[in-house]
1. Quick check on my filter: what residues within segment 50-107 are of a type in the set (Asp, Glu) and either part of a strand (DSSP E or B) or farther than 17 Å from Val141 by Cβ (or both)?
2. Inspect all residues belonging to segment 87-101 and state whether any of them is touching a strand residue (DSSP E or B) at 6+ places or on another chain (Cβ under 8 Å), closer than 21 Å to Ala22 by Cα, of a type in the set (Ser, Thr, Tyr) and within 16 Å of the ligand (Cβ to nearest atom).
3. Any residue at all in segment 138-158 that is among the aromatic types (Phe, Trp, Tyr), in a helix (DSSP H, G or I) and at pLDDT 95 or above?
4. Quick check on my filter: what residues within segment 51-77 are out of contact with any Gly (no Cβ under 8 Å at 6 or more places or on another chain) and surrounded by 22 or more Cβ atoms within 10 Å (Cβ to Cβ)?
5. Looking only at segment 53-73, which residues are hydrophobic (A, V, I, L, M, F, W, C) and either more than 11 Å from the ligand (Cβ to nearest atom) or in contact with a helix residue (DSSP H, G or I) (Cβ under 7 Å, 6 or more places away or on another chain) (or both)?
6. Hey, could you check segment 102-137 for residues that are over 11 Å from the mean Cα position of the chain (by Cα) and charged (D, E, K, R) and say which is farthest from the ligand (Cβ to nearest atom)?
7. Output the number of residues of segment 123-137 satisfying the condition of being surrounded by fewer than 16 Cβ atoms within 10 Å (Cβ to Cβ) and in a loop (DSSP other than H, G, I, E, B).
8. With the structure loaded, tell me whether Pro40 is part of a loop (DSSP other than H, G, I, E, B) and within 16 Å of the ligand (Cβ to nearest atom) or whether it fails that test.
Amino acid sequence: MKDVKIESTLTVFEDFNELPEAIKDLLQKAIDARKNAYAPYSKFSVGAAILLDNQQVVTGNNQENASYPSGLCAERTAIYYAGSQFPEAKILKMALTAGSREHQTITPIPPCGACRQAIAEYEVKQDTPIEIYFMGETGKVVKSASLANLLPLGFDRSFL
Ligand code: THU
């Protein structure tokens with residue numbers, strides 16, 4: 001018997017202005033996309049912007065439904081659109097922002113488990129890391145150098 005330690009390293013930017021210009025631009029696109037979220041039930045809006053290696057940027061936001069589980073998170077709305085429109089392109093970076101309409105969200109909001117699994121599929125498919133940046137509405141921004149870093153012991157096609 002032995003214990004196995006799993007570690008992840010994240011980079012924390014104390015402020016938006018510490019980020020490289022290209023990342024600020026991508027996060028700004030996610031912030032803009034968040035404004036179109038359809039979130040009448042949770043009142044929690046999420047925006048995602050994806051940079052592809054063909055230089056296209058694909059954005060998305062959460063889309064809710066009166067039948068709650070039928071709604072979809074921003075990350076999956078965006079990544080499935082990217083996969084459907086640009087099946088040959090690699091995903092380089094993903095920027096995420098989230099905020100409640102009922103209180104100010106200054107904590108960086110990471111992607112949910114289901115979205116991590118969905119993003120992992122594309123990281124495995126393309127065999128190159130996807131950088132993920134996430135924030136609240138303002139405040140700190142967290143960078144993960146890859147999705148795998150956010151989903152240790154992930155389930156992927158190699159097990160099938
Ligand atoms: N949501 C996202 O869009 N992404 C996540 O990673 C977490 C949650 C959405 C789903 C729902 O519309 C609202 O946020 C509250 O859970």
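1. Applying the first criterion (of a type in the set (Asp, Glu)) to segment 50-107 yields 53, 64, 75, 88, 102.
Of everything in segment 50-107, those that are of a type in the set (Asp, Glu) and either part of a strand (DSSP E or B) or farther than 17 Å from Val141 by Cβ (or both) turn out to be Asp53, Glu64, Glu88, Glu102.
2. The initial filter retains those residues of segment 87-101 that are touching a strand residue (DSSP E or B) at 6+ places or on another chain (Cβ under 8 Å), namely 89-101.
Cutting the leftovers down to closer than 21 Å to Ala22 by Cα gives us 89-98.
From what is left, the residues that are of a type in the set (Ser, Thr, Tyr) are 97.
Add one more test, that the residue is within 16 Å of the ligand (Cβ to nearest atom), and what stays is 97.
Checking segment 87-101: at least one residue is touching a strand residue (DSSP E or B) at 6+ places or on another chain (Cβ under 8 Å), closer than 21 Å to Ala22 by Cα, of a type in the set (Ser, Thr, Tyr) and within 16 Å of the ligand (Cβ to nearest atom).
3. The first filter runs over segment 138-158 and keeps only residues among the aromatic types (Phe, Trp, Tyr), leaving 155.
In the following step, the residues that additionally are in a helix (DSSP H, G or I) were identified as none.
So far as segment 138-158 goes, no, none of its residues is among the aromatic types (Phe, Trp, Tyr), in a helix (DSSP H, G or I) and at pLDDT 95 or above.
4. Those that are out of contact with any Gly (no Cβ under 8 Å at 6 or more places or on another chain) and surrounded by 22 or more Cβ atoms within 10 Å (Cβ to Cβ): Leu51, Val58, Cys73.
5. Here is the first cut: in segment 53-73, the ones hydrophobic (A, V, I, L, M, F, W, C) are 57-58, 66, 72-73.
Result: Val57, Val58, Ala66, Cys73.
6. Among residues in segment 102-137 that are over 11 Å from the mean Cα position of the chain (by Cα) and charged (D, E, K, R), the one farthest from the ligand (Cβ to nearest atom) is Asp127.
7. Initial filter on segment 123-137 (surrounded by fewer than 16 Cβ atoms within 10 Å (Cβ to Cβ)): 124-128.
With in a loop (DSSP other than H, G, I, E, B) added as a condition, the list becomes 127-128.
So the answer is 2.
8. Working: part of a loop (DSSP other than H, G, I, E, B): yes; within 16 Å of the ligand (Cβ to nearest atom): yes.
Criteria met by Pro40.
The values are calculated or read from the model by the stated rules, or taken from the named source; none is laboratory data. Given the structure is predicted, the values throughout are model-derived calculations rather than measurements. Ideal geometry is used to build each Cβ from the backbone, glycine not excepted, and the neighbour counts take in all protein chains shown.
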